[in-house]
Structures are given as structure tokens and as C-alpha cells.
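Each remark here refers to the structure printed beneath this line.
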Amino acid sequence: MTAPNDDTIASRISRILADRIVTGDLAPGTKLRQDHFAEEFGASHVPVREAFRRLEAQGLVVSEPRRGVRVASFDLKEVREVAQMRAALEVLALRHAAPHLTPSILDEAEQATVAGDNSRDVRSWEDANRRFHRLILAPCGMPRLLAAIDDLHAASARFLFATWRSEWEVRTDHDHRAILAFLRQGKIDNAAAVLERHVQWIGQRPVKSASGATRDVFAIVG
């Protein structure tokens, strides 16, 4: 069994490495060496191996016989699969969360949307976007469902960071505002429909950018 202290260290290592993978600091195909990370984090191999297992469960790394552990690659087909899975699970979570959403929670979610609209780079936008989704879904009280959604958020965030490393556009998230308006009105079916459509935009190319010109980039959504 993993000792409690080792489990805490493994959680920290997996969280830090997940962030590096999501943001592209660790590129797809990069080999992850136990010795290297044990030395970096001042830990034994036990929590490092556990961290690798957790990252593999999230789909962020792959373990290959005789080749060790590498950062997982991803393609557009996988991104769209993640979008469909997120849409289904987030709608389920929202329906269970809706009866427990208070005006203060919705106000916090609105603040997160405003922060996202005012973001000047992809990292701050992704942080604000994830905060919005967590706020409106967390009251569902289903920890396994929320953990699965978090893992899928990490997968879609990898795509976002890979696509928007430069030429960032400030934008207004009309979907988030529509979801909040419907939730405030108690129109759960409408809110769920907008959320489902909103998440499924991940991996799709928009017709126009904020300036009105057609660009060969992907939508900033999710």
C-alpha cells in the first residue's frame, strides 16, 4: 500500500506534471524518467510511479512495454470525442446541481465569465473558464462524476493551449451568459441545451473571428 505521505507527494507530483503537459511544457512523446522526477521533487520512486499511474488514468501519459512512460499524443478526432463526453457528463451534472445553485454561486460564475472575457492570454482564460464550469456543476454532489469531468477538462485544455499559443483574441462568452440567465430563471432544460452545444464546439472551426474576418483557427470555447 502507498503510505499517506507518499500519497500526498504523488498528488503534488501528478498535479504539477499534469499542468506541464496541459500547457505544452512537456510535449507529446516526451519520455518521463522516474529518476529525473524523483530527484526534482526530492522523493522516492514510489510516489513518482503513483503519479505516473494517475496521469495515465487521466489520459495524459501512456506506458509502453520496454519504452517506459511518455506524454500521450492527441489528435482532432480525440479532441472531438472528449467534447462529446464532456457535453454528456456536464449536462448530467448540471441537472443534478441546478436545484442547489444559489444566487451567490451564480454571481461567482458570472464573475468568472467576466474574468474570462478580460483575459489577455490563454492561461488566464482557461483558468476562468474552468472556474465557471466548476462553480455551476459542483453542487451536483457527485464526486466521481466531477472527477471524470475534471480529467476531460484537462484533455480539452491541452488542445486549447496547443492551438492558441499566439494570436490570442479577447472575446465575449455569450454562451456562459445565456446559461446563467436560464439558470436564474429556473429554465434548466434551456441552460442544459446551451451548455451541451457550447462544449461540443471544442475542436470545431468558427466561421469568423471577433474582428469579423474568417481565420483558419479553432473556436475558443469549453
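The values are calculated or read from the model by the stated rules, or taken from the named source; none is laboratory data. From a predicted model like this one, the values you see are computed outputs, not experimental measurements. Cβ: placed from backbone, ideal geometry, glycine included. Neighbour counts: every protein chain shown. Note: areas computed on protein heavy atoms with side chains; ligands, DNA, RNA excluded. Shrake-Rupley method; radii C 1.70, N 1.55, O 1.52, S 1.80 Å.
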Given (1) farther than 16 Å from A154 by Cα; (2) outside any helix (DSSP H, G or I), S73 misses just (1)
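Pick from D151, D173, D189: which is at pLDDT below 90, under 22 Å from P103 (Cα atoms) and charged (D, E, K, R)? Write out each step before concluding.
Numbers: D151 fails: under 22 Å from P103 (Cα atoms); D189 fails: at pLDDT below 90.
None of the other options fit; the residue is D173.
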Counted residues in the range 35-68 being over 25 Å from the mean Cα position of the chain (by Cα), in a helix (DSSP H, G or I) and free of Cβ contacts under 8 Å to residues at least 24 places away in the same chain come to 6
When R123 is run through (1) within 17 Å of T23 (Cα to Cα); (2) open to solvent by less than 30 Å² (accessible area, probe 1.4 Å), the failure sits at (2)
Please verify whether E108 is open to solvent by 70 Å² or more (accessible area, probe 1.4 Å), within 21 Å of H198 (Cα to Cα) and either outside any helix (DSSP H, G or I) or not small (G, A, S) (or both), treating the condition exactly as stated. yes
Of the listed residues (F161, F132), the one being at pLDDT 95 or above, within 15 Å of the chain's Cα centre (by Cα), open to solvent by less than 60 Å² (accessible area, probe 1.4 Å) and closer than 28 Å to A57 by Cβ is F132
* Asked: Does at least one position in the range 78-93 carry a residue that is basic (K, R) and either over 18 Å from A147 (Cβ atoms) or open to solvent by less than 80 Å² (accessible area, probe 1.4 Å) (or both)?
  -> yes
How many residues of the range 42-62 are surrounded by 13 or more Cβ atoms within 10 Å (Cβ to Cβ), modelled with pLDDT under 90 and small (G, A, S)? The answer is 1
If we keep only residues of the range 1-34 that are open to solvent by 80 Å² or more (accessible area, probe 1.4 Å) and in a helix (DSSP H, G or I), then the residue modelled with the lowest pLDDT is P4
